[in-house]
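Below you'll find the structure I mean.
The values are calculated or read from the model by the stated rules, or taken from the named source; none is laboratory data. Fair warning: this is a prediction, and the values are worked out from it, not measured in the lab. Don't worry about glycine lacking a Cβ; one is built from the backbone with ideal geometry, like all the others, and counts go over all protein chains shown.
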Amino acid sequence: MASVPAPGGARVTARGWGWRHAGRRARAVSGLDLDIEPGEKVLLLGASGAGKSTLLAGLAGVLGGDEDGDAEGELLVDGRPPASQRGRVGLVLQDPDSQVVLARVGDDVAFGCENLAVPRDEIWRRVHESLDAVGLDLPFAASTSELSGGQKQRLALAGALAMRPGLLLLDEPTANLDPVGVVEVRDAVARVAEATGATLVVVEHRVSVWLPVVDRVVVLAADGGVLADGRPDEVLRAQRDTLTGAGVWVPGVDVATPPRRRATGDTLLEAHGLAVGRRGPRGAAVASDVGLSVVAGRALAVTGPNGAGKSTLALTVAGLLPPVAGRLVASPALAGDAGPSPVRWRPRQLLTRIGTVFQDPEHQFLSTTLRRELAVGPRALGVPAAEIDRRVDALLERLRLDHLAAANPFTLSGGEKRRLSVATILASRPSVLVLDEPTFGQDARTWRELVAFLAELLDDGRAVVTVTHDADLVAALADDVLDLPAGSAATGPASIGPAASGGGAS
């Protein structure tokens, strides 16, 4: 699909390579020996925190200098240090928001090509082709600030594809996409890699998505080095039990569903004719005529395609955005003396009533260590120091973050950041949890543990509202499903339906 001759695939070489983030005792990656031949398509697996994202950042030459950490061994792209090969390498990060550079969609996709001095006419041909390839049907002048998380993910991928890299590195590239978008993006990547001969390394916890397009699986060991390496079918067959134990989502291995009492309590929030948008009461609605109830002991899953307004609805339900139209009312059981309108509550009143986990975990980090981060909410509520310590210790242990208590939150893996963001809300013990993609970046083991924890909270009488594309999460937890259609602001009402039998999405 390239309009000009492609340079072909890049070669990757690692010899005893490792990296330790500044301020951390343990290395994120250690003792790595790896060769990837030009044009190979590799699925990189491993437990959450095994160093997959760190390796991709190292290959892209963006880990930083001595003040950011220290390296050991050797890591090369085409026989040279990655930092000298940035025009040769394209990277799509776990957090697509961090890769948005410019205000307009076309300019953002063109940015990398402009830095590579690609001729102007060729740049805009590539921009058009790349946006078309990833299924982002928007005008070049569309504002990047108004895109959903999934749309930004497509935008970041389009920008990487437009540069025609010899090494394409993708870190959870489909994590925030709806099911149709997952297939579209995977197939677009496969077409581009085939047409250009590029080497592909993709990190994705959900193995089955990428098996049709990769020719090799490499599994990083949590304690350093490589756990398994070979043809996908051979590795998954021969190492099935080992990979399952390491947290890899092995196709055909059932996901355990936690037990639920599914006892219904008080209605805590209700919405009638709700329209939501990010521009305040007089702004344009991205979803309208929404009706919902948030009930103690029940989980409401909000599903639908990218751009349907799911995250905006979640922020409105959480009292962080005013409705564009309609009403969101808190019952006396939740509001107490705070009043019926959550958007009017003071921060301290929100803390114990509605806790929110944003789509981007980093948007809610405030402190320099995990332990301090978890103490922020309880300290603001005046919780005694001994009780704060007890809560923090329990959450760190329960979410497998205790070994990172002194680490900087911004140095965590994507899955670790997501678990921390959930823990920061739980530390304040709100009655309602509003979670935007809570299982993003989780391996199979941490996914099970996180879902089991949420099930316990539901049984304790909390209410959960979760925005998700994760069908397994819907099946495991959801009592009700609110499916927002594409363009719901124009297409009519959206209201709750019961989850399918057994808890799955209908």
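Inside segment 133-161, can you point out the residues that are touching a residue at least 60 places away in the same chain (Cβ under 8 Å) and either over 24 Å from ALA193 (Cα atoms) or surrounded by fewer than 21 Cβ atoms within 10 Å (Cβ to Cβ) (or both)?
Correct list: GLU146, LEU147, SER148, GLY149.
While we're looking at this one, here's another question. Scan segment 212-219 and tell me whether some residue there is outside any strand (DSSP E or B), farther than 22 Å from LEU34 by Cβ and touching a Gly at 6+ places or on another chain (Cβ under 9 Å).
no
Are any of the residues in segment 82-91 of a type in the set (Lys, Arg) and modelled with pLDDT of 95 or more?
Looking through segment 82-91, none of the residues is of a type in the set (Lys, Arg) and modelled with pLDDT of 95 or more.
Mind listing whichever residues of segment 191-222 are more than 17 Å from GLY415 (Cα to Cα) and either without any contact (Cβ under 8 Å) to a residue 60 or more places away in the chain or among the β-branched types (Val, Ile, Thr) (or both)?
Scanning segment 191-222 gives VAL192, GLU194, THR196, THR199, VAL201, SER208, VAL209, PRO212, VAL213, VAL214, VAL217, VAL218.
Only helices (runs of 4 or more DSSP H) wholly contained in segment 335-454 count here; list those with 2 or more residues that are among the small types (Gly, Ala, Ser).
In segment 335-454, 370-380, 385-398, 414-426 are the helices (runs of 4 or more DSSP H) which contain 2 or more residues that are among the small types (Gly, Ala, Ser).
Table: residues versus (1) within 29 Å of SER53 (Cβ to Cβ); (2) of a type in the set (D, E, K, R); (3) at pLDDT below 90.
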residue: ASP233; (1), (2), (3): yes, yes, no
residue: VAL294; (1), (2), (3): no, no, no
residue: THR312; (1), (2), (3): yes, no, no
residue: LEU320; (1), (2), (3): yes, no, no
residue: PRO323; (1), (2), (3): no, no, no
residue: ARG327; (1), (2), (3): no, yes, no
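Taking segment 226-241 only, how many residues are surrounded by 15 or more Cβ atoms within 10 Å (Cβ to Cβ) and either hydroxyl-bearing (Ser, Thr, Tyr) or in a loop (DSSP other than H, G, I, E, B) (or both)?
Counting residues in segment 226-241 that are surrounded by 15 or more Cβ atoms within 10 Å (Cβ to Cβ) and either hydroxyl-bearing (Ser, Thr, Tyr) or in a loop (DSSP other than H, G, I, E, B) (or both) gives 1.
Continuing with the same structure: Scan segment 190-211 and give yes if some residue there is of a type in the set (Lys, Arg), assigned to a loop (DSSP other than H, G, I, E, B) and over 23 Å from GLY9 (Cβ atoms), otherwise no.
For segment 190-211, residues of a type in the set (Lys, Arg), assigned to a loop (DSSP other than H, G, I, E, B) and over 23 Å from GLY9 (Cβ atoms): absent.
Restricting to segment 19-66, name every residue that is of a type in the set (Lys, Arg) and in contact (Cβ under 8 Å) with a residue 60 or more places away in the chain.
Once the filter is applied, which keeps residues that are of a type in the set (Lys, Arg) and in contact (Cβ under 8 Å) with a residue 60 or more places away in the chain, segment 19-66 yields ARG24, ARG27, LYS41, LYS52.
Say whether the condition of being within 17 Å of LEU351 (Cα to Cα), outside the structural domain of VAL92 (by TED's automatic domain parsing) and surrounded by fewer than 22 Cβ atoms within 10 Å (Cβ to Cβ) is met by at least one residue in segment 451-458.
yes
Right, LEU268: in contact (Cβ under 8 Å) with a residue 24 or more places away in the chain, buried (at least 21 other Cβ atoms within 10 Å of the Cβ) and in a helix (DSSP H, G or I) or not?
no
Sticking with this one: Looking at segment 57-64, is at least one residue β-branched (Val, Ile, Thr) and farther than 30 Å from ARG120 by Cα?
There is no residue in segment 57-64 that is β-branched (Val, Ile, Thr) and farther than 30 Å from ARG120 by Cα.
While we're looking at this one, here's another question. Please find, among ARG398, ARG390, the residue that is basic (Lys, Arg) and touching a residue at least 40 places away in the same chain (Cβ under 8 Å).
When all the criteria are applied, what remains is ARG398.
Something else: For the structure I just gave you, tell me whether GLY90 is within 19 Å of VAL192 (Cβ to Cβ), surrounded by 17 or more Cβ atoms within 10 Å (Cβ to Cβ), under 22 Å from the mean Cα position of the chain (by Cα) and not assigned by TED's automatic domain parsing to the domain that holds PRO361.
Judged against the criteria, GLY90 is a match.
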